[in-house]
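The values are calculated or read from the model by the stated rules, or taken from the named source; none is laboratory data. Note that this is a predicted model, so its numbers are computed, not measured. Positions of Cβ are backbone-derived with ideal geometry, glycine not excepted, and every protein chain shown enters the neighbour counts. What goes into the accessible areas is simple: the full protein's heavy atoms, side chains included, and nothing from ligands, DNA or RNA. Shrake-Rupley method; radii C 1.70, N 1.55, O 1.52, S 1.80 Å.
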Amino acid sequence: NAGVTQTPKFRVLKTGQSMTLLCAQDMNHEYMYWYRQDPGMGLRLIHYSVGEGTTAKGEVPDGYNVSRLKKQNFLLGLESAAPSQTSVYFCASRRDRLSEAFFGQGTRLTVV
Amino acid sequence: AQKVTQAQTEISVVEKEDVTLDCVYETRDTTYYLFWYKQPPSGELVFLIRRNSFDEQNEISGRYSWNFQKSTSSFNFTITASQVVDSAVYFCALSEARRAGSYQLTFGKGTKLSVIP
């Protein structure tokens with residue numbers, strides 16, 4: 001039972017480089033989320049999706065794009081990485097807005 | 001807009017002491033759900049409990065208990081006889097259930113609990 005899987009687990013980028021973080025869930029959940037976690041800031045919502053083909057902005061969406069072409073996958077893209085995007089990124093999924101969220105293991109991204 | 005406040009940034013207790021983690025929330029929805037998550041030093045986020053806005057009964061699970069008070073918009077978490085393994089960051093979260101267009105799960109900033117042996 002894999003649950004929510006994030007790829008990669010660690011990454012170092014140079015300023016200006018691009019990358020995509022992949023989140024995959026095998027629970028047939030409708031809702032998926034991308035959060036970033038920074039010291040003292042808690043978990044801040046970047047983007048989320050309430051179903052295949054839909055995405056919406058969260059609290060801190062600037063500098064990120066997302067896509068949900070398949071129900072089980074939610075991709076987070078950084079087109080031109082900046083040092084301010086150094087963070088730990090968490091993906092989560094849940095069945096509906098009444099249920100708890102299941103989280104991936106996190107991706108530690110460093111932009112130098 | 002929904003909001004969760006965890007005023008305690010860090011707490012240190014000596015092993016076997018009881019400790020309460022505070023959570024205060026704001027919402028305009030009449031139906032909502034509250035959650036607690038634990039993030040141990042290894043980094044993963046572990047779900048602890050879900051409570052809906054209509055159920056104000058306190059809940060106890062082993063050494064853990066939760067006190068939900070709608071009148072004060074609080075959902076506090078108490079660990080009895082704390083252990084070193086309880087050392088973690090604890091997050092409180094809120095999800096609105098009825099307000100149109102509200103699909104977010106909003107987290108507080110977390111409380112870092114250190115249990116000293």
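Side notes on the structure shown:
- Looking across segment A:3-27, the residues that are open to solvent by 20 Å² or more (accessible area, probe 1.4 Å), within 12 Å of A:SER93 (Cβ to Cβ) and in contact (Cβ under 8 Å) with a residue 60 or more places away in the chain come down to A:THR5, A:MET27.
- Filter result (surrounded by 13 or more Cβ atoms within 10 Å (Cβ to Cβ) and either touching an Asp or Glu at 6+ places or on another chain (Cβ under 6 Å) or not hydroxyl-bearing (Ser, Thr, Tyr) (or both)) within segment B:71-82: B:PHE75, B:ASN76, B:PHE77, B:ILE79, B:THR80, B:SER82
- In segment A:36-74, the qualifying residues are those that are among the aromatic types (Phe, Trp, Tyr) and under 19 Å from A:ARG95 (Cβ atoms), and the one that is surrounded by the fewest Cβ atoms within 10 Å (Cβ to Cβ) is A:TYR48.
- Counted residues, segment A:95-109 - those being among the charged types (D, E, K, R) and either within 7 Å of chain B (Cβ to nearest Cβ) or without any contact (Cβ under 8 Å) to a residue 24 or more places away in the chain (or both): 2
- Scanning segment A:9-26 for residues that are in contact with a Ser or Thr (Cβ under 7 Å, 6 or more places away or on another chain) and closer than 23 Å to A:LYS57 by Cα returns A:GLY16, A:SER18, A:LEU21, A:LEU22, A:ALA24, A:GLN25.
- In segment B:40-60, the residues that are surrounded by 13 or more Cβ atoms within 10 Å (Cβ to Cβ) reach residues that are aliphatic (A, V, I, L, M) with C-beta atoms within less than 6 angstrom, at least six apart or across chains, in these pairs: B:PRO40/B:ALA88; B:ARG51/B:LEU34.
- When B:ILE79 is tested against (1) under 25 Å from A:MET41 (Cβ atoms); (2) of a type outside the set (Ser, Thr, Tyr); (3) facing another protein chain (nearest Cβ under 10 Å); (4) in contact (Cβ under 8 Å) with a residue 60 or more places away in the chain, exactly one condition is not met: (3).
- Residue list for segment B:6-39, restricted to those being exposed (fewer than 13 other Cβ atoms within 10 Å of the Cβ) and either in a strand (DSSP E or B) or basic (Lys, Arg) (or both): B:GLU10, B:SER12, B:VAL14, B:LYS16, B:GLU26, B:ARG28
- Cross-chain or 6+ apart pairs with Cβ under 7 Å, segment B:5-23 first and closer than 16 Å to A:LEU43 by Cα and within 13 Å of another protein chain (Cβ to nearest Cβ), then in a loop (DSSP other than H, G, I, E, B) and open to solvent by 90 Å² or more (accessible area, probe 1.4 Å): B:GLN6/B:LYS109
- Residues of segment A:1-53 that are of a type in the set (A, V, I, L, M, F, W, C) and over 15 Å from the mean Cα position of the chain (by Cα): A:ALA2, A:VAL12, A:LEU13, A:MET27, A:MET41.
- Residue check, A:PHE90 surrounded by 15 or more Cβ atoms within 10 Å (Cβ to Cβ) and at the interface with chain B (Cβ under 9 Å from one of its Cβ atoms): yes
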